[in-house]
Amino acid sequence: MRTDLAHRLKQEACALGFDPVGIAAVPGGETLRLRTAALSRWLEAGHQASMDWMADPRRQEVERLLQGVRSLVAVGLSYHVAQQRAPTALAIARYGWGRDYHRVIDGRLRQLGRWLEGQVPGSRWRVCVDSAPLLDKAWAEEAGLGWIGKNGNLIHRRRGSWLLLGHLLTTVDLPADQPAEPLCGSCNRCLVACPTGAIPEPFVVDARRCLAFHTIENRDSHLPATVTAKLGNWVAGCDICQDICPWNGPQLESSSDPDVQPRPWMLSVTAEEALGWNDATWDERLRASALRRIKPWMWRRNIRAAQGAEP
(Lines give C-alpha, C1' and ligand atoms only; values in the text may rest on other atoms or scores of the structure.)
Protein backbone atom coordinates (compact mmCIF):
# COMPACT_ATOMS: atom_id res chain seq x y z
CA MET A 1 0.00 0.00 0.00
CA ARG A 2 1.14 3.55 -0.71
CA THR A 3 0.48 4.50 2.94
CA ASP A 4 3.08 1.96 4.00
CA LEU A 5 5.44 3.22 1.28
CA ALA A 6 5.05 6.79 2.53
CA HIS A 7 5.84 5.67 6.07
CA ARG A 8 8.97 3.83 5.00
CA LEU A 9 10.00 6.75 2.80
CA LYS A 10 9.85 9.08 5.79
CA GLN A 11 11.90 6.61 7.83
CA GLU A 12 14.53 6.56 5.09
CA ALA A 13 14.57 10.37 5.02
CA CYS A 14 15.01 10.53 8.80
CA ALA A 15 17.87 8.02 8.58
CA LEU A 16 19.55 10.45 6.18
CA GLY A 17 19.40 13.17 8.83
CA PHE A 18 16.22 14.98 7.83
CA ASP A 19 13.67 16.02 10.44
CA PRO A 20 10.92 17.06 9.86
CA VAL A 21 9.70 15.22 6.74
CA GLY A 22 6.33 15.66 5.03
CA ILE A 23 4.49 14.89 1.81
CA ALA A 24 2.36 17.17 -0.36
CA ALA A 25 0.14 16.23 -3.28
CA VAL A 26 0.52 18.05 -6.57
CA PRO A 27 -0.96 20.50 -7.57
CA GLY A 28 -1.48 21.49 -3.92
CA GLY A 29 -4.42 23.05 -2.12
CA GLU A 30 -5.79 26.46 -1.29
CA THR A 31 -2.87 27.53 0.92
CA LEU A 32 -0.42 26.83 -1.89
CA ARG A 33 -2.55 28.82 -4.33
CA LEU A 34 -2.59 31.77 -1.93
CA ARG A 35 1.19 31.62 -1.55
CA THR A 36 1.59 31.56 -5.34
CA ALA A 37 -0.64 34.62 -5.68
CA ALA A 38 1.39 36.35 -2.96
CA LEU A 39 4.57 35.70 -4.95
CA SER A 40 3.03 37.45 -7.96
CA ARG A 41 2.18 40.50 -5.83
CA TRP A 42 5.67 40.48 -4.31
CA LEU A 43 7.25 40.49 -7.76
CA GLU A 44 4.93 43.22 -9.03
CA ALA A 45 5.99 45.40 -6.08
CA GLY A 46 9.66 44.95 -7.00
CA HIS A 47 10.56 43.39 -3.65
CA GLN A 48 12.92 40.94 -5.39
CA ALA A 49 15.42 43.75 -6.14
CA SER A 50 17.96 42.36 -8.64
CA MET A 51 17.02 38.71 -8.04
CA ASP A 52 15.40 38.29 -11.45
CA TRP A 53 15.42 34.51 -11.11
CA MET A 54 12.54 34.81 -8.63
CA ALA A 55 10.29 35.58 -11.63
CA ASP A 56 11.05 32.24 -13.32
CA PRO A 57 7.56 30.99 -14.33
CA ARG A 58 8.45 27.45 -13.26
CA ARG A 59 8.39 28.70 -9.67
CA GLN A 60 4.61 28.93 -9.96
CA GLU A 61 4.11 25.71 -11.95
CA VAL A 62 5.76 22.76 -10.27
CA GLU A 63 4.58 20.48 -13.08
CA ARG A 64 7.16 22.11 -15.35
CA LEU A 65 9.99 20.87 -13.16
CA LEU A 66 9.14 17.17 -13.54
CA GLN A 67 6.71 15.89 -16.13
CA GLY A 68 4.07 13.72 -14.50
CA VAL A 69 4.89 14.81 -10.94
CA ARG A 70 2.25 13.61 -8.47
CA SER A 71 3.85 14.12 -5.06
CA LEU A 72 6.48 16.23 -3.37
CA VAL A 73 8.51 15.08 -0.37
CA ALA A 74 9.63 18.07 1.71
CA VAL A 75 12.49 17.72 4.18
CA GLY A 76 14.11 19.95 6.76
CA LEU A 77 17.71 19.85 7.97
CA SER A 78 18.25 21.66 11.26
CA TYR A 79 21.29 23.92 11.35
CA HIS A 80 20.84 25.14 14.90
CA VAL A 81 23.99 24.57 16.94
CA ALA A 82 24.42 25.76 20.51
CA GLN A 83 27.44 27.92 19.77
CA GLN A 84 27.84 31.68 19.58
CA ARG A 85 30.32 33.94 17.88
CA ALA A 86 32.79 35.96 19.92
CA PRO A 87 31.51 39.47 20.80
CA THR A 88 34.22 41.13 18.68
CA ALA A 89 33.83 38.79 15.70
CA LEU A 90 32.24 39.61 12.37
CA ALA A 91 28.63 38.42 12.14
CA ILE A 92 27.97 35.64 9.65
CA ALA A 93 24.53 34.08 9.18
CA ARG A 94 24.23 30.65 10.75
CA TYR A 95 23.16 28.91 7.54
CA GLY A 96 26.68 29.46 6.20
CA TRP A 97 28.61 28.17 9.21
CA GLY A 98 28.89 24.57 7.96
CA ARG A 99 29.26 22.83 4.60
CA ASP A 100 27.39 24.06 1.54
CA TYR A 101 23.85 22.93 2.29
CA HIS A 102 23.02 22.72 -1.42
CA ARG A 103 25.51 19.88 -1.81
CA VAL A 104 24.58 18.24 1.48
CA ILE A 105 20.82 18.18 0.86
CA ASP A 106 21.15 17.36 -2.83
CA GLY A 107 23.35 14.34 -2.13
CA ARG A 108 21.13 12.97 0.61
CA LEU A 109 17.91 13.49 -1.37
CA ARG A 110 19.44 11.72 -4.36
CA GLN A 111 19.93 8.70 -2.12
CA LEU A 112 16.26 8.98 -1.15
CA GLY A 113 15.21 9.27 -4.79
CA ARG A 114 17.14 6.15 -5.73
CA TRP A 115 15.59 4.29 -2.80
CA LEU A 116 12.09 5.29 -3.94
CA GLU A 117 12.83 4.32 -7.53
CA GLY A 118 13.90 0.92 -6.25
CA GLN A 119 10.55 0.55 -4.47
CA VAL A 120 8.56 1.72 -7.50
CA PRO A 121 10.47 0.70 -10.64
CA GLY A 122 9.89 3.03 -13.55
CA SER A 123 9.06 6.00 -11.35
CA ARG A 124 10.90 9.26 -11.92
CA TRP A 125 12.10 11.92 -9.49
CA ARG A 126 13.93 15.22 -9.24
CA VAL A 127 15.76 16.86 -6.35
CA CYS A 128 15.26 20.56 -5.64
CA VAL A 129 17.15 22.72 -3.17
CA ASP A 130 16.57 26.48 -2.95
CA SER A 131 18.63 27.13 -6.08
CA ALA A 132 15.86 25.46 -8.13
CA PRO A 133 12.84 27.50 -9.34
CA LEU A 134 10.46 26.05 -6.76
CA LEU A 135 8.30 27.87 -4.22
CA ASP A 136 10.15 25.91 -1.57
CA LYS A 137 8.80 27.38 1.67
CA ALA A 138 5.23 27.26 0.39
CA TRP A 139 5.57 23.61 -0.58
CA ALA A 140 7.19 22.80 2.77
CA GLU A 141 4.20 24.44 4.45
CA GLU A 142 1.85 22.46 2.20
CA ALA A 143 3.63 19.26 3.27
CA GLY A 144 3.14 20.10 6.94
CA LEU A 145 6.77 20.89 7.84
CA GLY A 146 5.81 24.20 9.40
CA TRP A 147 4.17 27.53 8.72
CA ILE A 148 5.59 30.58 6.97
CA GLY A 149 6.18 33.20 9.64
CA LYS A 150 5.84 36.95 9.40
CA ASN A 151 9.56 37.19 8.65
CA GLY A 152 9.13 34.97 5.58
CA ASN A 153 10.88 31.96 7.15
CA LEU A 154 9.40 28.53 7.65
CA ILE A 155 8.87 27.81 11.35
CA HIS A 156 8.55 24.36 12.92
CA ARG A 157 7.27 23.76 16.46
CA ARG A 158 10.38 21.84 17.56
CA ARG A 159 13.04 23.12 15.17
CA GLY A 160 12.12 26.78 15.01
CA SER A 161 13.14 28.49 11.78
CA TRP A 162 16.73 27.19 11.70
CA LEU A 163 15.83 24.78 8.91
CA LEU A 164 17.43 24.19 5.53
CA LEU A 165 14.83 22.91 3.08
CA GLY A 166 14.93 20.35 0.30
CA HIS A 167 12.31 18.71 -1.89
CA LEU A 168 12.05 15.46 -3.78
CA LEU A 169 9.57 15.64 -6.65
CA THR A 170 8.26 12.25 -7.75
CA THR A 171 5.81 10.70 -10.17
CA VAL A 172 4.71 8.31 -7.41
CA ASP A 173 1.27 9.09 -5.99
CA LEU A 174 1.74 9.28 -2.20
CA PRO A 175 -0.74 10.11 0.58
CA ALA A 176 -0.35 13.77 1.56
CA ASP A 177 0.08 15.25 5.02
CA GLN A 178 -2.02 18.15 6.28
CA PRO A 179 -0.66 21.64 5.61
CA ALA A 180 0.70 23.36 8.71
CA GLU A 181 -1.38 25.91 10.60
CA PRO A 182 0.19 29.34 11.25
CA LEU A 183 1.09 29.99 14.88
CA CYS A 184 2.65 33.46 14.85
CA GLY A 185 -0.51 34.95 16.33
CA SER A 186 -0.21 38.63 17.23
CA CYS A 187 3.57 38.50 17.62
CA ASN A 188 5.42 41.09 15.53
CA ARG A 189 8.89 40.97 17.09
CA CYS A 190 10.59 40.34 13.74
CA LEU A 191 8.98 43.40 12.14
CA VAL A 192 10.11 45.62 15.00
CA ALA A 193 13.61 44.14 15.23
CA CYS A 194 14.59 44.52 11.56
CA PRO A 195 16.99 47.49 11.59
CA THR A 196 16.22 48.62 8.05
CA GLY A 197 12.45 48.02 8.05
CA ALA A 198 12.82 45.27 5.46
CA ILE A 199 9.62 43.62 6.75
CA PRO A 200 7.17 46.47 6.05
CA GLU A 201 4.16 44.26 6.79
CA PRO A 202 3.65 40.69 8.00
CA PHE A 203 4.86 38.04 5.52
CA VAL A 204 6.43 40.61 3.17
CA VAL A 205 10.22 40.95 2.98
CA ASP A 206 11.55 43.76 0.80
CA ALA A 207 14.98 42.66 -0.44
CA ARG A 208 15.85 46.24 -1.34
CA ARG A 209 16.12 47.01 2.38
CA CYS A 210 17.41 43.63 3.61
CA LEU A 211 20.91 43.30 5.06
CA ALA A 212 21.10 39.69 3.86
CA PHE A 213 20.35 40.68 0.27
CA HIS A 214 22.88 43.48 0.22
CA THR A 215 25.72 41.50 1.81
CA ILE A 216 25.17 38.42 -0.38
CA GLU A 217 23.49 39.41 -3.66
CA ASN A 218 24.28 43.11 -4.21
CA ARG A 219 27.09 43.34 -6.79
CA ASP A 220 27.55 47.11 -6.59
CA SER A 221 30.95 48.44 -5.55
CA HIS A 222 29.39 50.26 -2.58
CA LEU A 223 26.40 49.41 -0.39
CA PRO A 224 23.60 51.98 0.06
CA ALA A 225 24.13 54.41 2.94
CA THR A 226 20.79 53.34 4.43
CA VAL A 227 22.20 49.80 4.69
CA THR A 228 25.70 50.57 5.91
CA ALA A 229 24.26 52.70 8.71
CA LYS A 230 22.48 49.62 10.10
CA LEU A 231 24.97 46.83 9.36
CA GLY A 232 26.44 46.49 12.81
CA ASN A 233 28.83 43.54 12.53
CA TRP A 234 26.84 41.76 9.79
CA VAL A 235 29.00 41.02 6.75
CA ALA A 236 27.42 37.81 5.38
CA GLY A 237 23.67 37.53 5.66
CA CYS A 238 21.64 38.46 8.72
CA ASP A 239 19.86 36.46 11.44
CA ILE A 240 18.21 39.29 13.38
CA CYS A 241 14.61 38.40 12.48
CA GLN A 242 15.28 34.77 13.46
CA ASP A 243 17.24 35.52 16.62
CA ILE A 244 14.28 37.52 17.95
CA CYS A 245 11.66 34.86 17.14
CA PRO A 246 10.20 33.19 20.27
CA TRP A 247 10.09 29.87 18.41
CA ASN A 248 13.90 30.00 18.29
CA GLY A 249 14.34 30.04 22.05
CA PRO A 250 16.72 28.06 24.26
CA GLN A 251 14.42 25.05 24.13
CA LEU A 252 15.73 24.09 20.68
CA GLU A 253 17.85 20.98 20.35
CA SER A 254 21.37 21.58 19.08
CA SER A 255 22.16 19.63 15.91
CA SER A 256 24.99 17.10 16.05
CA ASP A 257 25.06 16.70 12.26
CA PRO A 258 28.72 17.11 11.23
CA ASP A 259 27.78 18.97 8.03
CA VAL A 260 26.25 21.94 9.89
CA GLN A 261 28.93 22.40 12.53
CA PRO A 262 30.62 25.81 12.32
CA ARG A 263 34.06 26.40 10.93
CA PRO A 264 35.89 27.78 13.98
CA TRP A 265 37.16 30.90 12.22
CA MET A 266 33.59 32.04 11.50
CA LEU A 267 32.92 32.44 15.20
CA SER A 268 36.06 34.40 15.98
CA VAL A 269 37.31 36.25 12.89
CA THR A 270 37.80 40.00 13.30
CA ALA A 271 37.63 42.71 10.66
CA GLU A 272 41.36 43.37 10.90
CA GLU A 273 42.18 39.70 10.38
CA ALA A 274 39.77 39.17 7.46
CA LEU A 275 40.87 42.32 5.63
CA GLY A 276 44.38 40.89 5.63
CA TRP A 277 43.34 37.81 3.66
CA ASN A 278 44.05 37.69 -0.06
CA ASP A 279 41.76 36.02 -2.61
CA ALA A 280 43.53 32.67 -2.25
CA THR A 281 42.98 32.70 1.52
CA TRP A 282 39.30 33.48 1.06
CA ASP A 283 39.08 30.64 -1.44
CA GLU A 284 40.65 28.23 1.05
CA ARG A 285 38.58 29.40 4.02
CA LEU A 286 35.32 29.05 2.07
CA ARG A 287 35.96 25.73 0.38
CA ALA A 288 32.68 23.76 0.10
CA SER A 289 30.73 26.66 1.63
CA ALA A 290 27.46 28.23 0.53
CA LEU A 291 29.12 31.57 1.26
CA ARG A 292 31.34 31.26 -1.80
CA ARG A 293 28.53 33.21 -3.45
CA ILE A 294 30.06 36.23 -1.72
CA LYS A 295 33.19 36.98 -3.75
CA PRO A 296 36.38 38.07 -1.95
CA TRP A 297 35.98 41.70 -3.07
CA MET A 298 32.42 41.66 -1.68
CA TRP A 299 33.64 40.35 1.68
CA ARG A 300 36.10 43.23 1.86
CA ARG A 301 33.40 45.70 0.78
CA ASN A 302 31.02 44.41 3.45
CA ILE A 303 33.66 44.46 6.18
CA ARG A 304 34.71 48.00 5.38
CA ALA A 305 31.05 49.06 5.32
CA ALA A 306 30.50 47.46 8.73
CA GLN A 307 33.48 49.43 10.00
CA GLY A 308 31.95 52.63 8.69
CA ALA A 309 34.64 53.04 6.03
CA GLU A 310 32.21 53.19 3.09
CA PRO A 311 31.25 56.62 1.70
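Looking across region 190-206, the residues that are out of contact with any Gly (no Cβ under 9 Å at 6 or more places or on another chain) and aliphatic (A, V, I, L, M) come down to Val192, Ala193, Ala198.
For region 248-276, filtered to residues that are of a type in the set (Gly, Ala, Ser), surrounded by 12 or more Cβ atoms within 10 Å (Cβ to Cβ) and more than 22 Å from the chain's Cα centre (by Cα), the residue that is nearest to Ile92 (Cα to Cα) is Ser268.
Matching residues to (1) closer than 20 Å to Ala13 by Cβ; (2) under 16 Å from the mean Cα position of the chain (by Cα):
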| site | (1), (2) |
| --- | --- |
| Asp56 | no, no |
| Leu65 | yes, no |
| His80 | yes, yes |
| Gln83 | no, no |
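Within region 23-40, restricting attention to residues that are at negative phi and not in a helix (DSSP H, G or I), the residue that is surrounded by the most Cβ atoms within 10 Å (Cβ to Cβ) is Ala24.
Among the residues of region 204-218, is any without any contact (Cβ under 8 Å) to a residue 24 or more places away in the chain and assigned to a loop (DSSP other than H, G, I, E, B)? Looking for residues that are without any contact (Cβ under 8 Å) to a residue 24 or more places away in the chain and assigned to a loop (DSSP other than H, G, I, E, B), one finds none in region 204-218, hence no.
Candidates Trp247, Trp277: the one that is among the aromatic types (Phe, Trp, Tyr) and part of a loop (DSSP other than H, G, I, E, B) is Trp277. Just checking, which of Ala271, Ala280, Ala288, Ala309 is closer than 27 Å to Pro195 by Cα and at pLDDT 95 or above? Every option except Ala271 fails the conditions.
Applying the condition of being part of a loop (DSSP other than H, G, I, E, B) and among the β-branched types (Val, Ile, Thr) to region 101-142 and asking which residue is surrounded by the fewest Cβ atoms within 10 Å (Cβ to Cβ) yields Val120. The set of residues in region 148-178 that are over 13 Å from the mean Cα position of the chain (by Cα), more than 25 Å from Arg2 (Cβ to Cβ) and surrounded by fewer than 21 Cβ atoms within 10 Å (Cβ to Cβ) comprises Arg157, Arg158. When the test is whether a residue is in the same structural domain as Pro262 (by TED's automatic domain parsing), closer than 30 Å to Arg304 by Cα and surrounded by fewer than 22 Cβ atoms within 10 Å (Cβ to Cβ), Ile216 passes it.
Given the criteria in a helix (DSSP H, G or I), at pLDDT 95 or above and in the same structural domain as Leu77 (by TED's automatic domain parsing), does Leu145 qualify? Taking the combined requirement at face value, the residue does not satisfy it. Tell me, please, whether a residue that is within 28 Å of Leu34 (Cβ to Cβ) and surrounded by fewer than 19 Cβ atoms within 10 Å (Cβ to Cβ) can be found in region 73-87. No, region 73-87 has no match at all.
Of everything listed in (1) under 27 Å from Glu44 (Cα atoms); (2) in contact with a strand residue (DSSP E or B) (Cβ under 9 Å, 6 or more places away or on another chain), the single unmet condition for Gly197 is (2). Evaluate the following for Ile244: is it crowded, with 17+ Cβ neighbours inside 10 Å, in contact with a helix residue (DSSP H, G or I) (Cβ under 7 Å, 6 or more places away or on another chain) and at negative phi? Criteria not met by Ile244. In summary, Asp239 fulfils each of the numbered conditions (1) in contact with a Lys or Arg (Cβ under 7 Å, 6 or more places away or on another chain); (2) farther than 24 Å from Ala198 by Cα; (3) of a type in the set (Asp, Glu) with the single exception of condition (2).
The values are calculated or read from the model by the stated rules, or taken from the named source; none is laboratory data. Being a predicted model, the structure only gives us computed values, none of them experimental. All Cβ positions, even for glycine, are placed from backbone atoms using ideal geometry, and neighbour counts span all protein chains on display.
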